[in-house]
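Novice: Input: one structure, supplied below.
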Amino acid sequence: MPEKKEKTIPVTIYLTAEQIQEAYRQLIEKEEQEDWINDPAILQMLAKREKKVAKEIKEGKFVTLPELQDKLGK
């Protein structure tokens, strides 16, 4: 079955040089911003949580999803 092609609609807009520069500045600024998931604080938080979860599993201090649902009455 052939893929359905999306219809394109041509649009013409008129921008001043300042508007084009501002749009470009916003585009560059967005590209330069790091994704929050790569924030070192987030990575440290996840690492600490992972260690805690591993410790809880080793000690048998965890609950399975069905057990949790049963406790919550769902």
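Novice: Anything in region 1-59 that is assigned to a loop (DSSP other than H, G, I, E, B) and at pLDDT below 85? List them, or say none.
Specialist: Correct list: M1, P2, E3, K4, K5, Q33, E34, D35, D39.
Novice: Out of all the residues in region 5-26, is one or more among the hydroxyl-bearing types (S, T, Y) and within 27 Å of the chain's Cα centre (by Cα)?
Specialist: We begin by selecting, within region 5-26, every residue among the hydroxyl-bearing types (S, T, Y); these are 8, 12, 14, 16, 24.
Those left that are additionally within 27 Å of the chain's Cα centre (by Cα): 24.
Yes: region 5-26 contains one or more residues that are among the hydroxyl-bearing types (S, T, Y) and within 27 Å of the chain's Cα centre (by Cα).
Novice: Let me ask you something else. Cβ-Cβ distance below 9 Å, separation of 6 or more or different chains: which pairs start in region 42-57 with a residue that is of a type in the set (D, E) and end on one that is open to solvent by 100 Å² or more (accessible area, probe 1.4 Å)?
Specialist: Pairs that qualify, where the first residue is of a type in the set (D, E) and the partner is open to solvent by 100 Å² or more (accessible area, probe 1.4 Å), are E56/F62.
The values are calculated or read from the model by the stated rules, or taken from the named source; none is laboratory data. Worth saying up front: this structure is predicted, and the values here are computed from it rather than measured. FYI the Cβ positions are ideal-geometry reconstructions off the backbone, even for glycines, and counts take in every protein chain you see. To get the accessible areas, we keep the full protein, side chains included, count just its heavy atoms, and leave off ligands, DNA and RNA. Shrake-Rupley method; radii C 1.70, N 1.55, O 1.52, S 1.80 Å.
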